[in-house]
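See structure below.
We did not get these values from a lab; they are worked out from the coordinates using the rules stated. Keep in mind it's a predicted model, so treat the numbers as computed, not measured. With ideal geometry, Cβ positions are generated from the backbone for all residues, glycine too; neighbour counts draw on all protein chains shown.
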Amino acid sequence: MSNIFALVDCNNFYASCEKLFRPDLRHRPVVVLSNNDGCVIARSKEAKALGIKMGVPVFKIQQEIRTHKIKVFSSNFALYADMSARVMNTLESMVPSVEIYSIDEAFLDLSNTQAIMPLQQYGENIKQAIGQWIGIPVCVGIAPSKTLAKLANYAAKKFPATQGVVDLTSPQRQRRLMELVPVEEIWGIGRRLGKRLNAMGVRTALDLADSPEKLIRKQFSVVVERTVRELNGESCIALEEIPAAKKQIVCSRSFGQRVTTFNQMREAVCEHTVRAGEKLRKERQQAKVLTVFIRTSPFSTDRPQYSNAASSELVNATDNTRDLIALAVKLLKQIWRDDYHYAKCGVMLSDFYASGIYQPDIFDVLNTHSAGNRGDAARSNKLMNLMDQVNRKNKGGLFFAGQGIKKQWAIKREHLSPAYTTRWGELPKVR
């Protein structure tokens, strides 16, 4: 076979990260909550067995939490990102090429590994290594196309007899599995397209695989036609080792408590702008357009509602946080209205240019090439690099005064676990 892909997917990733440093929770149900401890966004297998649904508001399951002693955690994204990096680094040490698909998923290229060992054994070795070295349980699906690898991983999770690894390179096994999988479970199909396909009599993955490609393309799109070809073992989606450059960056959070003063809102907008600037520099991009938005809660029906946004272009594309903050505060002043109880704000950067590629107009060139501005630009770059270096080691070690100190508006995280892997003072203690 010319192409062999594997999909490695971490099981119940957020919940698994929380359990990893708490052996006392090994067999206990665990749920992880969204921002402001609002809704369930991750569940351990024990919590799933109790019928806890994804997205359910936590206040609706208080009785279940007490009855079944469910352990509740706030989202600890610093922990999850660090554990994800460890998983991905391990995978990269075991195979020639890796595409990081999400925080808990990666596609691997196993095309030339069969000479080393059988694919099933290779998958088992990957599963064992991640479990032993990192402590995170994973499932592995292997197939000649990415879509089939997704189906193989689905089977590895759904059927315990597989022990978490499924080799779906055999056409006979592919057809047997596709006969059992509802069409909406196929990667890229989902409920909306699934309903349309069901109306045409296409109810399983096998039904879709056996559908005429021209008909599918005419009724849907070339993307769905490509899915049909992938289900039949033809690799149409290549491995992408280098992530596509982002077209925009959005930093936004709901407030831990309603914001009613301009100063608090300005702090929050500055905070989001700083985070957006950090992400922009990490992408090695510069932004030309900045948008600020604020809104009240649509669920607070007893209070007046207000929502607004403002955008503006910078004179020159930049990744300098100071320039971004200055514009963000200016835009906030334009849309701010007193006497509202605000629930959320955010910042969006767009219209990106790779660093050093943006072409200014003649007046910008003359202004930039003056001796003073050349020095300012160099000092500004050094300052941003220094802040990034310090904050990578100690988040919040250096910050702008506009971000505030007390941050009473910050998100509520009453069940936050320690930063086990990123702060010396919070390392696990063994007694």
Cβ density ranking, 10 Å radius, fewest first, applied to Thr321, Thr261, Thr422 yields Thr261, Thr422, Thr321
Which is farthest toward the positive dipole end of the range 18-147 among Thr90, Ser44, Pro137, measuring Cα position about the Cα centre, with Cβ charges +1 (Lys, Arg) and -1 (Asp, Glu)? Ser44
Fewest to most neighbouring Cβ within 10 Å: what's the order for Val181, Val390? Val390, Val181
Check the straight Cα-Cα distances from Lys45 and name the aspartates and glutamates below 14 Å, setting aside those fewer than 8 residues away within the same chain. Glu18
Given +1 on the Cβ of Lys and Arg, -1 on the Cβ of Asp and Glu, and no further charges, what dipole in debye does the chain carry about its Cα centre, rounded to the nearest 20? 1360 debye
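Please report the antiparallel percentage of DSSP beta bridges with both residues in the range 248-403, rounded to the nearest 5.
Values: 27 of 27 bridges.
DSSP beta bridges in the range 248-403 are roughly 100 percent antiparallel.
Please tell me which of these pairs span more than 24 angstrom C-alpha to C-alpha: Lys48/Lys71; Lys53/Lys246; Lys393/Lys429; Lys344/Lys406? Each step should come with its number before you reach the end.
Working: Lys48/Lys71 13 Å; Lys53/Lys246 32 Å; Lys393/Lys429 21 Å; Lys344/Lys406 18 Å.
Flagged as over cut-off: Lys53/Lys246.
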Furthest towards positive pole of dipole, Ala317, Ser235, Gln114, structure part the chain, Cβ charges: Ala317
Over the Cα atoms of the range 170-244, how large are the radius of gyration and the largest Cα-Cα distance (Dmax), in Å? 12.5, 39
In nanometres, what is the gap between the two model label sites at Gln120 and Asn89, each 7 Å from Cα along Cα-to-Cβ? 3.4 nm
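For the range 248-403, state the semi-axes of the equivalent ellipsoid (square roots of 5 times the eigenvalues of the alpha-carbon gyration tensor), sorted largest first and rounded to whole angstrom.
On the way: eigenvalues 190, 62, 33 Å².
So the three semi-axes of the range 248-403 are 31, 18, 13 Å.
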Filtered hits (lysines, Cα-Cα < 22 Å from Lys146, offset >= 8 within chain) -> Lys127, Lys157, Lys158, Lys214
Arrange Leu215, Leu349, Leu416 by Cβ neighbour counts within 10 Å, fewest through most, would you? Leu215, Leu416, Leu349
Which residues qualify? For Lys344, with a placed amide H closer than 5 Å and at least 5 residues away or on another chain, they are Phe255, Arg295
Using all C-alpha to C-alpha distances in the range 1-164, build P(r) with 5 Å bins and read off the rounded percent in each one. 2, 9, 17, 20, 18, 14, 10, 6, 3, 1, 0, 0
At R0 = 56 Å, FRET efficiency that the Cβ-Cβ distance of Thr261 and Ser2 yields, to 0.05: 0.35
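What are the semi-axes of the equivalent ellipsoid of the range 148-289, taken as the square roots of 5 times the eigenvalues of the Cα gyration tensor, listed largest first and rounded to whole Å?
Details: eigenvalues 355, 69, 66 Å².
Ellipsoid semi-axes (Å, largest first): 42, 19, 18.
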Starting from 0 in steps of 20 Å, tell me what percent of the Cα-Cα pairs of the chain lands in each bin. 21, 48, 30, 2
Nearest-ten-degree value, helix 371-393 long axis tilted from longest Cα axis of the chain: 50 degrees
